[in-house]
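The structure appears right after this line, and notes come after that.
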Amino acid sequence: MIAVILVGGFGTRLRPLTCTRPKQLLPLGNTTLIEYMIGRLAEQGFREIVLAIGYQPDALKEVLGEGEKLGVTIHYSLEDEPLGTAGPIRQAENYLRGSGRFLVLNGDIVSDMNYQQILDQHRSNQATASIALYRVCDPSRYGVVDITSEGQILAFIEKPSAGTAPSNLINAGCYVLEESVLDHIPLGRKVSIERETFPLLCEKGRVHGWEHKGLWIDTGTPASYLEANREILAASQVGSSITRPMKEYSEGKYVQCYRPYIIGRHTKIGDYCEIGPNVTLGRNVSIGANTRIRDAVILNDAEIGEGVVLKDTIIGQGAIIGNKIRLEKFQLVGDRATVYPGAIVPPGARINPDEDFR
Ligand code: GTP
């Protein structure tokens, strides 16, 4: 079975971290988002993956190669211009024709979906398309389905205003599509699967919903990306003495680490620091004395000063954070930026890659 993953978006809501990499190369526990997604597909028997890429494609190719490390074969389908959420599927048709049906995933979802279940239901319904759905309290930020009690989807409503949604079931970014769907996606232009393809299929074919009830996080915003990181750290229990037989980082006196956390190789933690819970420290990070970090992701090679407080933040690769700086509530720092001691960082600030912030 073949799976297509859409990884061509700009990830604007996660800037400045996504100015210098596709969202899918952000860390997730001890791996990256895309390696986590492909790993889950491989575990469930998917051996061929088409990555629909466009934004910073070389970075993805460099990390993933042809997929050998992950036990899959990766084909790259490159877009010169972004083709939206359905256009890339048509563009990849050479890999998909002859498959009968295939799976499509948005490349920014962390979930424990069982793909076999949606496939089995798709077959027994003889559906043209089957869409994974997730139940949320407030569907107004999402694409919501109008669905019959038999599970047939009648319509899609994008971001309905409060109180008008026909259900609490949202599009969870995972679909099984029959090969014939390719004929309904125009070639060579941007096409939205939510706004164009699915509404057309609802009129012409059988579109069914399948409710996923486990873990599901759309990692598109800083808050949801940090939530995904929290879930993955908790699930893998990294930072426990059982899974961490050998310390590959060094720490000073009286350091307190609260689980879950993960600390990369060659990272140095100064005296009296408090690390965790819910912290990912990359490789070769240095942290000065008396610094407190929780609910944060710090990328490789960052230098964090003394007496710093970091909470609900993401710090880019090689960034330098001066002594006594406090960053919280999604103030974000891009790769190689410097925040100088004494700088007043405004709420919600996003400091660009290479910026000197004084
Ligand atoms: P924002 O800019 O923050 O909205 O993020 P995004 O660009 O990732 O957009 P969005 O979250 O809506 O995209 C959902 C999924 O579709 C992500 O995995 C994107 O990488 C992917 N995607 C969005 N647009 C395109 C595109 O034009 N081409 C391809 N191949 N993938 C896309």
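The values are calculated or read from the model by the stated rules, or taken from the named source; none is laboratory data. Since the model is a prediction, treat every value here as computed from it, not as a measurement. Here Cβ is always computed from backbone atoms with ideal geometry, including for glycine, and neighbour counts include all displayed protein chains. Note: areas computed on protein heavy atoms with side chains; ligands, DNA, RNA excluded. Shrake-Rupley method; radii C 1.70, N 1.55, O 1.52, S 1.80 Å.
Do you know the Lys pair count in the chain for C-alpha distances under 20 Å, with sequence separation 8 or more or different chains?
Count of close lysine pairs: 10.
Counting other Cβ atoms within 10 Å of each Cβ, which trypsin sites (Lys or Arg not before Pro) in the stretch 53-111 have at most 11 and sit in a DSSP loop?
Answer by residue number: Arg97.
Before anything else, pin down the relative contact order of the stretch 244-357: Cα pairs under 8 Å, at least 6 apart, normalised by residue count, whole percent.
Over the stretch 244-357, the number comes to 15 percent.
Would you calculate the convex hull of the Cα atoms in the stretch 91-180 and tell me its volume per residue in Å³?
Spread over its residues, the Cα hull of the stretch 91-180 gives 120 Å³ apiece.
Tally up the carbon and sulfur contribution to the accessible surface of the chain as a whole percent, 1.4 Å probe, everything protein left in place.
Summing carbon and sulfur atoms, their accessible area is 46 percent of the total for the chain.
Using Cα pairs under 8 angstrom and six or more residues apart, how large is the relative contact order of the chain, in percent?
That works out to 13 percent.
Å³ per residue of the Cα convex hull, for the chain?
So the per-residue hull volume is 136 Å³.
Which of the peptides 219-231, 314-326 is most tightly packed, and how do the rest follow, going by the mean number of other Cβ atoms within 10 Å of each residue?
Top to bottom by mean Cβ count within 10 Å: 314-326, 219-231.
What ranking do 348-356, 249-257 get when scored by the average of other Cβ atoms within 10 Å per residue, highest first?
Ranked by mean Cβ neighbours within 10 Å, highest first: 348-356, 249-257.
DSSP loop GluC sites (Glu not before Pro) in the stretch 31-127 with at most 14 other Cβ atoms within 10 Å of their Cβ, which ones?
Glu66
Report the gain in length on full extension from Lys213 to Ala42: 0.36 nm times residue separation, minus Cα-Cα distance, nm rounded to one decimal.
59.4 nm
Considering all alpha-carbon pairs of the stretch 42-147, what whole percent are spaced by more than 23 angstrom?
38 percent
In 10 Å bins starting at 0, how do the alpha-carbon pair distances of the stretch 244-357 split up by percent?
16, 55, 25, 3, 0
Using the Karplus curve 6.51 cos²θ - 1.76 cosθ + 1.60 with θ = phi - 60°, work out ³J(HN,Hα) for each residue of the stretch 335-340 in order, rounded to whole Hz, and write x for Gly and Pro.
Karplus values, whole Hz, x for Gly and Pro: 4, 6, 6, 10, 10, 7.
Of the GluC sites (Glu not before Pro) in the stretch 118-198, which ones lie in a loop per DSSP and count no more than 11 other C-beta atoms within 10 Å?
Glu150
Quick check on the chain: of the DSSP beta bridges with both residues there, what percent are antiparallel, nearest 5%?
Just about 30 percent of them are antiparallel.
Quick check: convex hull over the Cα atoms of the stretch 250-302, volume per residue in Å³, rounded to an integer?
With only Cα atoms used, the stretch 250-302 gives 53 Å³ per residue.
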